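The values are calculated or read from the model by the stated rules, or taken from the named source; none is laboratory data. Just so it is clear, the model here is predicted, and its values are computed rather than measured. Every residue, glycine as well, gets a Cβ built from its backbone with ideal geometry; the counts of neighbours run over all protein chains shown.
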Amino acid sequence: MFIVEQTTMIQLEGIEKELLKKLEQKDYSLGQLSLMSEKELAEDLEIEEELAALIIQKAQEQLGIHPYTAAEFLEIERRRGRITTGSEEFDSMLNGGIWTGEITELVGSFSSGKTQLCFQLCINVQLPKDLGGLEGKAFFIDTERTFSPQRIEEIASFRIKNTKKVLDNILVAPTSNTDIMLAYINQLEKIIPEENIKLVIIDSLAAHFRAEFIGKDRLVERQQKIMNLAEKLVEIAVDHDVAIVVTNQIIAAIDQFLYGSGEEPALGFAWAHRPQQRIFLRKSRGSARIARLFDSSRFPDREILFYVTEQGISDTSPASLEFY
Ligand code: GTP
Ligand code: MG
């Protein structure tokens, strides 16, 4: 999508000026050029196929369309950032925390800790790198109207002196329907670099879709919208190297055996394969919560215990915190 919108021709070095003019007159975008066949372009511009091939190759190079070696891929992966969750156990399940460049989904029923974890991440993304942060800001899309600056300030106050600055570094977008949510998401590509955003949260992704698209008649429309949105989010995460964390609700499972619990994440198959990490959260005793990583392409399935305490996300229960 993004590729096809690019129209700059001027940077196609090594191609004669006159030919460049011709290309501009035809109003080809780089994306269109990169997808054309040599024959097609040669005929349209009345040039040799060899030259057409060169133009296509240049357009593709300029758009960064080329395969990587696995070693290069590994290097790109190494450079990606991670945000600590506040729990070492949780971080180790994900090999270091919540990753930039991909979507992490937190799925769970009410009070399972999704929003609290999102609050904690909004604080932690601001920390210096050696403390598990990325020295960046957070963008919080609040579809459930449960954003709480007071609670964030409270959690932050246990670690950070200047809690006002912490709140200044969180941009909040309250939304009341899908259109407003999508409008904010469309703004992200501009805002992310301007504001040094390193974390985007959507809490929750399911709320508006479930409220607005009711009944079988609107299912296809809903799934199409979710698919477009998912594609956009993947693009933003990769192109801008930000972590995208979305929360999702739990519904009764249609296929009992898929997730093994009689429950499954909302939003269906249009969404199911998009997050690189799907983490199920559920309540345990008191403030204890269980997180289960499920079907990751990079990490083994694993289950860990963490706590939602007054001080935020932690490896220890409030009782043991007091004890020490
Ligand atoms: P839904 O949005 O309803 O689906 O739930 P959720 O998964 O977002 O739950 P949330 O993150 O809001 O977790 C709620 C739980 O966090 C509560 O049951 C409390 O255990 C805990 N919690 C929330 N606020 C506080 C607080 O101020 N102090 C402490 N100690 N715990 C809190
Ligand atoms: Mg919540």
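In region 116-130, the residues that are under 14 Å from PHE147 (Cβ atoms) and without any contact (Cβ under 8 Å) to a residue 40 or more places away in the chain never reach a residue that is assigned to a loop (DSSP other than H, G, I, E, B) and among the hydrophobic types (A, V, I, L, M, F, W, C) with C-beta atoms less than 7 angstrom apart, at least six apart or across chains. For region 261-300, filtering for residues that are assigned to a loop (DSSP other than H, G, I, E, B), more than 16 Å from ligand 1 (Cβ to nearest atom) and on the phi > 0 side of the Ramachandran plot leaves 2. When region 62-104 is filtered for residues that are acidic (Asp, Glu) and over 20 Å from ILE192 (Cα atoms), the ones remaining, listed by number, are GLU72, GLU75, GLU77, GLU88, GLU89, ASP91.
Checking each residue in region 109-135 for being surrounded by 23 or more Cβ atoms within 10 Å (Cβ to Cβ) and either more than 15 Å from VAL246 (Cα to Cα) or modelled with pLDDT under 95 (or both) picks out ILE123, ASN124, VAL125, GLN126, LEU134.
Picking from residues in region 140-186 that are over 30 Å from GLU221 (Cβ atoms), assigned to a loop (DSSP other than H, G, I, E, B) and charged (D, E, K, R), the one that is farthest from ligand 1 (Cβ to nearest atom) is LYS161.
Considering region 136-184, and only residues there that are aromatic (Phe, Trp, Tyr) and in contact with an Asp or Glu (Cβ under 9 Å, 6 or more places away or on another chain), the residue that is surrounded by the fewest Cβ atoms within 10 Å (Cβ to Cβ) turns out to be PHE158. Summed over region 199-222, the residues that are among the charged types (D, E, K, R) and out of contact with any Phe, Trp or Tyr (no Cβ under 9 Å at 6 or more places or on another chain) give a count of 5. Candidates in region 285-294 are the residues that are more than 16 Å from ligand 2 (Cβ to nearest atom) and surrounded by 13 or more Cβ atoms within 10 Å (Cβ to Cβ); of these, the one that is nearest to GLU154 (Cα to Cα) is ALA288. For region 101-119, the condition of being under 17 Å from the mean Cα position of the chain (by Cα) and over 16 Å from SER204 (Cβ atoms) holds for at least one residue. Mind listing whichever residues of region 301-314 are touching a residue at least 12 places away in the same chain (Cβ under 8 Å), of a type in the set (D, E, K, R) and more than 15 Å from ligand 1 (Cβ to nearest atom)? The answer is ARG302, GLU303. Scanning region 256-277 for residues that are modelled with pLDDT of 95 or more, within 16 Å of ligand 2 (Cβ to nearest atom), closer than 23 Å to GLU88 by Cβ and not hydrophobic (A, V, I, L, M, F, W, C) turns up nothing. Being out of contact with any Cys (no Cβ under 6 Å at 6 or more places or on another chain), in a helix (DSSP H, G or I) and either aliphatic (A, V, I, L, M) or closer than 17 Å to LYS114 by Cβ (or both) is a condition met by at least one residue of region 191-202. Restricting attention to region 241-255, does a residue exist that is farther than 27 Å from THR143 by Cα and modelled with pLDDT under 95? Yes, some residue in region 241-255 is farther than 27 Å from THR143 by Cα and modelled with pLDDT under 95. Only one entry of ALA207, ALA230 meets the criterion of being surrounded by 12 or more Cβ atoms within 10 Å (Cβ to Cβ) and either among the basic types (Lys, Arg) or within 16 Å of ligand 1 (Cβ to nearest atom) (or both), and that entry is ALA207.
Taking the criterion of being within 15 Å of GLY31 (Cα to Cα) and of a type in the set (S, T, N, Q), the residues of region 48-80 that qualify are GLN57, GLN60, GLN62. Here the helices (runs of 4 or more DSSP H) wholly within region 61-139 that include at least 1 residues being within 16 Å of ligand 2 (Cβ to nearest atom) and hydroxyl-bearing (Ser, Thr, Tyr) are 114-124. Looking only at residues in region 102-116 that are among the polar types (S, T, N, Q) and within 27 Å of GLU235 (Cα to Cα), the one that is farthest from ligand 1 (Cβ to nearest atom) is THR104. Taking the numbered list (1) closer than 25 Å to LEU121 by Cα; (2) out of contact with any helix residue (DSSP H, G or I) (no Cβ under 7 Å at 6 or more places or on another chain) in turn, ALA211 passes all entries but (1). Can you find even one residue in region 60-68 that is hydrophobic (A, V, I, L, M, F, W, C) and surrounded by 16 or more Cβ atoms within 10 Å (Cβ to Cβ)? So far as region 60-68 goes, yes, one or more of its residues are hydrophobic (A, V, I, L, M, F, W, C) and surrounded by 16 or more Cβ atoms within 10 Å (Cβ to Cβ).
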